[in-house]
1. Determine how large the accessible area of Arg220 is when every protein chain is in place; take a 1.4 Å probe and give Å² rounded to the nearest 10.
2. Place a +1 charge on the Cβ of each Lys and Arg in the range 499-549 and a -1 charge on the Cβ of each Asp and Glu, then give the dipole magnitude about the Cα centre in debye, rounded to the nearest 20.
3. Please arrange Asp632, Asp423 by accessible surface area, largest first, computed with a 1.4 Å probe and ligands excluded.
4. Where the accessible area of the range 399-457 is counted over protein heavy atoms with a 1.4 Å probe, how much of it, in %, is carbon and sulfur?
5. Report ³J(HN,Hα) in whole Hz for each residue of the range 512-518, in order, from the Karplus equation J = 6.51 cos²θ - 1.76 cosθ + 1.60 where θ = phi - 60°; Gly and Pro get x.
6. Sorted by mean Cβ packing within 10 Å, highest first, what order do the peptides 274-283, 561-570 take?
7. So, counting K/R as plus one and D/E as minus one, what does the shell of residues with Cβ under 14 Å around Gly103 add up to?
8. In whole angstrom, how far apart do the alpha carbon centroids of the range 309-362 and the range 519-583 sit?
Amino acid sequence: MLEFTSFFIVIITALVFSQVFGRFHVPWIIALIVGGMIVGPHGFDIVTPDITLEFFKNLGLVFLMFMAGLHIRFSGMKLVLKESFLIAGMAGAISFVTGTGVGLLLGYDIAVSILLGIIFISSSIAVLIPFLEKRGLIHSRLGRTVVSAIMIQDIVSLIFLAIALQYLFATTALPLPLFLLIFIITLFVIGIVKWGIPHLKKSLYHPEEKQGDVFEKDLRLVFAVLVGMVLISEALGLHSIIGAFFAGIVLSEAITGTTLKEKIHVLAYGLFIPIFFVVLGMQTNPMIFLEAREGIVLLLVIVSASMVSKFAGGWISSRLAGFTNLQSVFIGGSGIPQLSTTLAVVAVGQHLNIIGDELITALIFLSIITTFVGPSLSGYIFGKAKKEHLMENYKMYFSPRISREFARQEQNEKNFQVAEIIDRIVMKEIENISAPLYVAELGGGAHPDRYHNLFNRLLKEKRSYIDWVDASSEMLKLAKEYISNPDYEERKSVLSFKNKEITEYLYDLEDETLDVAIMKYVIDHMKDLDELFSLLSSKLKREGKFIATINTNPELKSISTNARYLYQGEEFPENETKTLKDGDVVTVKFFKESGNPESGYIEGSEILRYFHSAEKIKELASRHNFDIFLGDWREIVPEEKEENIFETSQEVLILTNKKNEKDNFSHNLPLS
């Protein structure tokens with residue numbers, strides 16, 4: 001009966017502390033570990049770990065490592081393979097050398113020092129993925145690179161841990177060469193099993209069975225693989241965490257059903273993993289640091305050495321991989337959190353009695369501190385990077401003088417025609433979308449006095465409206481002036497002005513909100529289309545539309561109606577053209593008078609434009625589950641010969657969201 005009492009107290013502790021600390025935005029694992037410290041023998045001594053709680057703690061650790069393995073997906077790595085291995089290799093080497101050196105300097109023997117080096121290699125993929133998903137970076141080049149690099153580091157750290165335990169502590173009677181041979185064969189078999197699991201799943205499906213029976217079979221298959229891998233690892237003399245981690249890797253890309261993933265998630269994060277953190281907290285003695293000054297010094301050295309080596313290694317290797325300074329700082333900060341492998345080594349150290357209480361407590365606090373500091377630093381850098389990029393690319397729109405001049409120049413026939421083209425396309429594309437309509441004009445600028453047909457429909461339908469989004473408060477101020485014209489004033493009832501950068505606006509939207517998103521003369525000024533498409537895939541409803549003007553012609557002329565283009569920062573003659581490739585940056589300088597190059601330039605009006613090829617856009621559309629039209633607008637809208645607008649050529653991009661009804665499983669775990 002006492003066992004049930006202890007179990008009940010642990011469950012209540014996990015529930016109460018996660019709720020209370022969550023109100024203050026304290027990471028979930030910190031709340032649980034601190035809760036365990038408070039109710040445990042080193043706190044108020046309400047409950048003491050017993051054999052039952054130890055069993056559930058070990059089970060929770062197995063599930064923690066299994067869920068960490070489930071995050072390891074190799075499918076997204078191939079696009080960033082070179083930079084991922086460079087960052088993982090260099091950053092991992094710096095961290096390992098630092099950890100081992102710190103251990104030796106602190107007076108630990110070579111075995112414990114090597115374990116400390118292995119801990120320093122690892123990061124936490126389970127903390128990183130929710131952070132990136134929340135900010136819409138998970139499918140960007142930056143996001144894929146940092147995820148792939150940390151995946152490699154986590155895998156390598158667990159492999160090193162398995163080998164180190166055998167070499168340093170002889171966890172089996174096998175000679176090391178034979179152990180390594182068997183271990184390599186096992187890894188090879190794991191690869192085969194990973195390939196074979198989807199085929200095994202198909203053999204278990206029978207069309208005549210009810211769907212519930214199918215998922216029950218899947219769940220049993222998952223547990224069979226998990227338990228089997230744990231048994232294999234223990235037969236090799238390895239700790240069960242190694243088998244659990246590789247079981248997650250085996251199943252990571254085989255588990256596709258949302259329902260199955262939700263069941264696994266509920267079992268893992270609803271019960272077993274919280275128990276692990278609470279019991280771990282109960283076994284942690286924070287008073288060690290108060291009893292002796294050496295304990296505080298140990299904590300400071302371990303935490304500072306880990307954070308500095310992880311950050312420095314990530315920054316240096318990212319710079320060598322070709323990332324900008326801010327991107328490299330972001331990658332360095334993303335590698336700071338220490339969770340799964342760190343706590344796994346703590347559990348192994350406790351089990352084998354090879355790590356002292358002071359170091360165990362320091363490592364637990366290392367996980368607590370870095371899990372909080374790492375995402376906070378990366379979040380700050382992310383915000384700073386967005387702001388600096390925004391100012392670099394759109395600073396002209398923040399000057400009242402330039403904004404007003406630019407808005408005046410938009411009052412030309414070509415601009416009116418392009419707005420009319422977008423209006424016609426939108427009306428064609430939304431014919432079968434029922435009311436109410438939710439539309440967003442992304443980078444709307446100063447002229448909501450366009451799109452007459454769209455506004456007429458919005459005004460006729462209840463609860464339909466349009467967000468007019470622009471990063472420049474000056475542009476929105478002008479937009480409100482134009483809309484004050486009596487001819488357009490009624491549009492105020494369906495207009496909502498949003499003073500936000502485009503991606504910031506999309507981040508803040510609920511998923512599956514928009515029916516239509518519009519971009520006129522904006523998409524060519526966005527550097528990261530991968531990030532944009534990823535956000536649109538989440539924020540558009542199924543069958544929702546993204547409609548934009550675009551220019552995928554790689555031949556760059558020196559001037560257009562309104563501006564001169566600089567290639568690689570330099571002007572070139574009007575009778576020449578430059579051939580652009582993906583990623584090329586063009587500087588745009590606007591004329592004082594539209595159509596008159598001799599009028600000179602608007603001072604301070606330079607802006608950047610990025611070239612995106614048709615091939616790249618089609619590949620991104622496919623990756624993010626969009627149907628795509630890319631071509632001249634007249635292929636979409638039937639010609640009305642009496643209108644001269646059909647003489648205007650304009651390339652347009654139309655994306656239709658084809659996301660599956662069973663979306664990919666959310667990685668937004670309650671770890672941060």
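1. Per-residue accessible area (Arg220): approximately 140 Å².
2. 240
3. Accessible-area ranking of Asp632, Asp423, largest first: Asp632, Asp423.
4. So the carbon and sulfur contribution to the accessible surface is 48 percent.
5. 6, 9, 7, 8, 9, 10, 10
6. Per-residue mean Cβ counts within 10 Å order the peptides as 274-283, 561-570.
7. Taking every other residue near Gly103 into account, the sum is -2.
8. Distance between centres, Cα-based: 39 Å.
The values are calculated or read from the model by the stated rules, or taken from the named source; none is laboratory data. The model shown is predicted, which means the values in this text are computed figures rather than measured ones. Glycine also receives a Cβ, built like all others from the backbone with ideal geometry; neighbour counts cover every protein chain displayed. All accessible areas refer to the heavy atoms of the entire protein, side chains included, with ligands and DNA or RNA removed. Shrake-Rupley method; radii C 1.70, N 1.55, O 1.52, S 1.80 Å.
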